[in-house]
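Bear in mind that the values in this text are calculations on the coordinates, not laboratory data. Computed from a predicted model, the values in this text were never measured in an experiment. FYI the Cβ positions are ideal-geometry reconstructions off the backbone, even for glycines, and counts take in every protein chain you see.
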Amino acid sequence: MDHVSTGEAVAFWILGSISVIGALGMVLARNAVHSALWLVLTMLCLGFLYVVNAAPFLGMVQIIVYTGAIMMLFLFVLMLVGRDASDSLIETLRGQRIAAIVLGVGFAILVGTGLARALGDTPVVGLAEANANGNVQGLAALLFTRYVFAFEVTSALLITAAVGAMILAHVERAKADVVDQLTRMKQRFRPGNYPGPKAGPGVYANTMSVAAPARLPDGNGAERSISPILPIRELTADEAAPKGTEK
């Protein structure tokens, strides 16, 4: 096929624009989790572009393997180690941001120039010949014959990137910060603490609000029943009034 249909052109401009936005969001996002989510959006768009260009197997692999497995693994690791926006503002090497920007722009110019010179006079060729015996068969023949070395190098690069991301996200803890089970038990049963489970918020209280402390047998409020991460709000008169009674 020597021409691009209207549907393919519309799909390219829509998905291509979203891919560029996702790529920029991945680079500019200060939060590592947000950056990974932007990259997921870009990979989804690339998968749909493969499907539009008569490569359904490659598109499904892009979505299922890279987006659904590898990127979710990266996202899970980032959320597990608890990275936040302040971590990206700390430079372990002085001037690494400027060097990264300069090298990134230079690499983009180099790749763009190479592609422009290599594809400038190349006529557009369709995928009918490559998919003559089927998309899966044609892809397998190219991967395991002509591009087998590049395929193996890419797989090694992905593994190295995964290990590098885990090392960069790892936070070293001093031995003094590590609490063993014996120390935790002593802290739990220290005088003034409550080792047993407490009633949930709202139990035996006049309201079922999670911001209302539970009532102890002596009638006092159990402030420990309220989660410390939950902001305590003031109850209205209707909420504080006993239910089923006159004000």
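Odds and ends about this structure:
- Taking 7 Å steps out from each Cα toward its Cβ at Asn31 and Ala108 produces label points 2.4 nm apart.
- Efficiency of FRET from Cβ geometry, Ile21 and Val61, R₀ 30 Å, rounded to 0.05: 0.80
- Label point distance in nm, Ala69-Glu129, each placed 7 Å from Cα along Cα→Cβ: 3.3 nm
- The spacing between segment 19-62 and segment 140-170, judged by their C-alpha centroids, is 18 Å.
- Ranked by the mean number of other Cβ atoms within 10 Å of their residues, highest first, the peptides 212-223, 156-167 fall in the order 212-223, 156-167.
- Label-to-label distance, Glu8 versus Gln96, with points set 7 angstrom from Cα along the beta-carbon direction: 4.3 nm.
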